[in-house]
Amino acid sequence: MNRTKSFIVSVSRGLIPGTITPQYEYMRLFSVVAENKNEAVLEALRLAGISHKEDFEVRVV
């Protein structure tokens, strides 16, 4: 049986300094269905069209 879960994944880059609330140059939230957090992160990066994760902060929220 396939046991998938729903995850919300935040993909961001470029925290803008000197702002009261965190603001980013790029930020998107993705709702992803996957078997685990690692697969959810990979799927969110794929949906965002990102091939190099090193440039981005990725969090499962």
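Here the accessible area of the chain is 52 percent carbon and sulfur, with a 1.4 angstrom probe and all protein chains present.
Could you tell me the relative contact order of the range 1-56? Use alpha-carbon pairs under 8 Å, at least six residues apart, and round to a whole percent.
37 percent
A 1.4 Å probe run over the chain, with the rest of the protein chains in place, finds 77 Å² accessible per residue. For mean projected area of the Cα convex hull in nm², the value computed from the atomic coordinates appears in the list [x] 5.6; [y] 4.4; [z] 5.9 under label [y]. Per-residue extension of 0.36 nm, minus the Cα-Cα distance of Val60 and Gln23, leaves a gain of 11.5 nm for this segment.
The values are calculated or read from the model by the stated rules, or taken from the named source; none is laboratory data. Because the structure is predicted, anything quoted here is derived from the model rather than measured. Just the protein is used for accessible areas: all its heavy atoms, side chains included, with ligands, DNA and RNA removed. Shrake-Rupley method; radii C 1.70, N 1.55, O 1.52, S 1.80 Å.
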